[in-house]
Amino acid sequence: MEIGGIIAYLVSLAIMAGIYAVFCLGLNIQWGYTGLFNIGIAGFFCIGAYASAMITTPKPTGVYAHYVNQIFGLNLPFILGLLGAAVICGVIAFLIGIPTLKLKEDYLAIATLGIAETFRLIFNNEHWLANGPRGLMGLPQPFQGLVDPKNYNYIYLIIIVIIMVVVYLSIERAIRSPWGRVLRGIREDEISAAMSGKDIFHFKMQSLVFGAMVMGLGGALYAHYTKAISPDVFTPLYGTFIIWVMLMAGGSGNNKGAVLGAFVVWGIWIGTKFMTDLLPYTLKARAPYIRFLLIGILLEIILIYRPQGLLGEEKEVSKLIE
Amino acid sequence: MLKIEEVVKSFGGLTAVCECSLEVSEGAITGLIGPNGAGKTTLFNVITGHYKPERGRIIFQGEDINGLAPHKIFQRKIYRTFQITREFSQMTVIENLMFVPEGQVGERIWNTWFRPSAVWKQEKAIHEKAIEVLEFVELIDLKDEYAGSLSGGQKKLLELAKSLMADPKMVLLDEPGAGVNPTLMRKLIANIRKLCEEKKITFFLIEHDMDLVMSLCNPVIVMSEGKKLAEGTPEEIKKDERVLEAYLGGQYR
């Protein structure tokens, strides 16, 4: 491979890692700071991606209408797709939160896992909604005409980095303020937090909604990167568990760790793909499962030997005044 | 100040608090004693909104606070501590204290982004107050330690310090002396007395350590089998036949 090819490959790797970093930041609000056991990230991933897809594409007309069903198509700019994805995910998180946030953490986990799979199956089976298993294609990309299409990824990487930084900074500010302190108190001891006058349900809801909005952004960024989405993308493995591994690896309760974990684990994940390419033919068919196994083992190793992750939570978090 | 009228709370077939009526008067340190299982902690949980009573009324400063959620009870300026301390262990001591004040500007997420100077200003004031409180309870040297790494006795002091951050009118202490060594205990007693006298905070405390109760509390209320059994000065309680019977059973009479 020539040097240009390697760089292009690294750029595409960084784009995916950057998208996953956005998801990790969202999960970090919910789990890292509030202790909400959300294992339905894929649900928000899915909703965010579809929402942005339908906001930014036109509703098919003429002969296409025979082949592509989608419930609406607004043909609006990319930025509105991103915002729409975030808002819709926020609203859905709010609705999910009403019955589930009163549950204890393991039950919340079961509920979110179930809801995420339900979303995926709805998109898969309801053809009128978003074209069923064939999914949606031809999503627009911003600043498309600016450069040669084969160099477009550089522009998209810049967009991802900008969004990631904005998300990172806004979360950091909120977490280091009294708002974040309340979330962390709830994570540590709900009853004590309630006795100190904090409305637990209210704050958990804010955390769930804010985290889900960030995840919705991640979903939208993914959709416009691949330009085509279908329900089989949003499986628990790619949509939820790998993000958990990233956050655990990087350091739950640390936003820098969340970003670092996304890049490290995505690097390892892609690296194992190269390794499995070297396997003999007889094993190649099993290679994907070996990779899944490796991710599972990695999670176990982290939880046993370094439960705080690469970068643990800082000792002093509310430090606006220093 | 706090009036409990015929409160009933049962768990399944067990009636933990059974038509209990009692009154706590303002400015005093009222002790609540009684044998294990008398319903003391349950009564605290009912007062602070963790359990809803089946019957009865709880009146604080003339208002019915029965059935309010715990955070609403806090807003009425009642603070309670727990028998087994419930600190935020992965947060520093000073963060534990800064958590408490009510209605902080920076608790609204919008304000953290759009009104940073107001958040900052209040945060600074809360920080100063936390330092002051930590100096009062002499935990200042530990302010940047994780609350979880404190000793049992220090955690009791931390609970008291947290209560001070709330500017309470009334503090319910559930066994403040349990697991505290004698030196720390003296400090705790001195602190409670000082707070009652200087800051006019009313205390209502459950305790098994009779030395602490007899030296600190007046009046003392005795609970047994979910009801108030007796009330009086420490001396009166010590002499009360019914109290001895409740604690020791009838066989020693």
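FYI, it's all coordinate maths here, none of it is from the lab. Bear in mind that the values here come from a model prediction, so they are computed numbers and not experimental data. Reconstructed Cβ throughout: ideal geometry from the backbone, glycine too, with neighbour counts over all protein chains shown.
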Practice item. Compute the length gained on full extension between B:ASN36 and B:SER151: take 0.36 nm times their separation in residues and subtract their Cα-Cα distance, giving the result in nm to one decimal. Key: 38.9 nm
Study note, to complete from the structure: Expressed in nanometres to one decimal, the distance between label points 7 Å along Cα→Cβ at A:TYR64 and B:GLU135 is 7.1 nm
Exercise for review: With springs only between Cα atoms under 10 Å apart, run a GNM on chain A and tell me which of A:SER12, A:SER170, A:SER252 wobbles the most.
Suggested key: A:SER170
Point to revise | Quotient of Cα Rg and 2.2 N^0.38 Å for region B:104-253, N being how many residues it contains | key: 1.36
**Study point:** Spin-label model distance (nm) - B:ILE84 vs A:PHE72, 7 Å beyond Cα toward Cβ
**Key:** 5.1 nm
Check your understanding: So what are the three principal axis dimensions of region A:20-236 from its Cα atoms, in whole Å, longest to shortest?
Key -> 62, 37, 24
Review point. Where nothing but the Cβ of Lys and Arg (+1) and of Asp and Glu (-1) is charged, how large is the charge dipole of chain A around its Cα centre, in debye to the nearest 20?
Key: 180 debye
Exercise for review: Select from B:PRO168, B:ALA190, A:MET246 the residue farthest towards the positive end of the dipole of the protein assembly as shown; place +1 on Cβ of Lys and Arg, -1 on Cβ of Asp and Glu, and compute about the Cα centre.
Suggested key: A:MET246
Revision key, fill the gap. Rounded to one decimal in nm, the spacing of the 7 Å Cα→Cβ label points at A:ASP277 and A:ILE158 is 2.9 nm
Check your understanding: What residues of region A:9-52 lie in the reach of a label at A:THR118, counting those whose backbone N is under 17 Å from a point 7 Å from the Cα along Cα→Cβ?
Key -> A:38-48
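Just to verify a number: FRET efficiency for A:SER170 and B:ARG242, C-beta to C-beta distance, R0 = 45 Å, to 0.05?
On the way: r = 63 Å, r/R0 = 1.41.
In this case the efficiency is close to 0.10.
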Review point. Between region A:131-157 and region B:53-108, how many Å separate their Cα centres?
Key: 52 Å
Practice item. Of the options B:LEU150, B:ASN111, B:LEU212, report the single residue whose Cα projects farthest towards the positive end of the charge dipole of chain B (beta-carbon charges: Lys, Arg +1; Asp, Glu -1). Key: B:ASN111
Practice item. Give the calculated FRET efficiency between A:GLU316 and A:VAL147 to the nearest 0.05, with a Förster radius of 45 Å applied to their Cβ-Cβ distance. Key: 0.50
